[in-house]
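Have a look at the structure below before the remarks.
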Amino acid sequence: MKTYVKKRVAVAAVSLLAVLLLLFLLMDFLPGTPFNDEKLGAAQIAVLKAEYGLDKPVVIRFFNYIGHMITGDFGLSYSIGKNMPVGELIADRFWLSLKIGGLAVTAGMGIGLLIGVGAALKKNKAADWIVGAITVLGVSMPSYVAALAFSYVLGFRMKWFPILYRPGQPGFSAVLPAAALSLPMAAAVARTVRAEMIEILESDYMMFAVSRGIPFRRRIWVHGLKNVMVPVIAVASPLAAVIMTGSLAVEKVFSIPGAGSLMVNAIQSNDYNVTAALAFLYSLLYIGFSLVSDLLFQWLNPRIRFCQEEK
């Protein structure tokens, strides 16, 4: 177990270093410059490059870049927030996207598990067909379409929730965007749970549990659900990483000052430090989810654990 954890952590660390290298190369060789003001002369641009450390050799800049990124020093913003520390600039926006994304992931997982188990228990009945149609719609419908529908029906027509994000009501304002973001997660989880639970309900060990007199709820929510969670985690972990970083389209629909809109602004204005910092945090989140899911696989499935110990 410890050996496996060490290997997975090492792979995650190497992946993160590879991401940092790729980001540095992209930022260094992309056309354009953060100093696009036509009023600036060559001498002024040279002074600015020296001030931001852009005049140093590429190898020195790379190692400085690695050290700063790992320690959380993302440098200063070139244009979006003049000479403002990037960490301060992105902190509130990134955490806002994470909060809404976290709410969406939690809701999507919970709803997906419930309706997936319900569909499996009502196999080939009306409830199963309804859940199947809903999950197909949820998987195929883009989040921004759901966001527009929720905004119009629940916000504009029924006036249950605010149409636009209100900083003074962060929890209330997060309901509709979180609901829109949670649809793909709920649909994917429900389809996986249904397929796996049907197989489990017809398995020999579940029949044995019935013969032993184990209560129905315990068979479903303890014995059945534990075996369902391995494929569910495989499906949900990459979706969760994407949802947690927010969706630019959903943020635009609800005017959420999140990380997505900041990333677009940073790319358009050639603010390399902001772009690299957000891309690094996105990658860190994705790699973290992958690491956690791998460790959960081994913990939930004894066969995986046994195979790893044999190796």
Problem - Under 15 Å, Cβ to Cβ, from Val9 - net charge with Lys/Arg +1 and Asp/Glu -1 - result: +3
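May I ask you to order 147-155, 58-66 by the average number of other C-beta atoms within 10 Å around their residues, highest value first?
147-155, 58-66
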Completion exercise
Eigenvalues of the alpha-carbon gyration tensor of the chain, times 5 and square-rooted, give semi-axes in Å, largest first, of 44, 27, 13
Practice task
Report, in deg cm²/dmol and to the nearest 500, the calculated mean residue ellipticity at 222 nm for the chain, where each DSSP H run with n ≥ 4 adds -39500 (n - 2.57) and the sum is divided by the residue count.
Solution key: -24000 deg cm²/dmol
Problem - Net charge, Thr275 excluded, C-beta distance under 15 Å - Lys, Arg +1, Asp, Glu -1 - result: -1
Handout entry: Debye, to nearest 20: dipole size of region 93-310, +1 on Lys, Arg Cβ, -1 on Asp, Glu Cβ
Key = 780 debye
Problem - For region 166-311: span of alpha carbons on each principal axis (Å, largest first) - result: 66, 42, 23
Problem - J(HN,Hα) series, region 2-19, from Karplus relation 6.51 cos²θ - 1.76 cosθ + 1.60, nearest Hz, glycine and proline x - result: 5, 4, 4, 4, 4, 5, 5, 5, 5, 4, 5, 5, 5, 4, 5, 5, 5, 4
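Rank-order 86-96, 202-212 by packing density, defined as the average count of other C-beta atoms within 10 Å over each peptide's residues, highest first.
Taking the mean over residues of other Cβ atoms within 10 Å, the ranking is 86-96, 202-212.
Taking 24 Å as the cut-off for C-alpha to C-alpha distance, list the pairs among Lys7/Lys99; Lys122/Lys159; Lys6/Lys99; Lys123/Lys226; Lys56/Lys82 that go past it.
The answer is Lys7/Lys99; Lys122/Lys159; Lys6/Lys99.
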Problem - Residues with amide H under 5 Å from that of Leu76, placed H, sequence gap 5 or more - result: Val86
Practice task
Please list 2-10, 181-189, 160-168, 103-111 highest first by mean number of surrounding beta-carbon atoms within 10 Å per residue.
Solution key: 181-189, 103-111, 160-168, 2-10
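None of the figures in this text is laboratory data; all of them are computed from the coordinates on show. None of these values were measured; they are calculated from a predicted model. Neighbour counts are summed over all protein chains in view; Cβ atoms, including those assigned to glycine, are modelled from backbone coordinates with ideal geometry.
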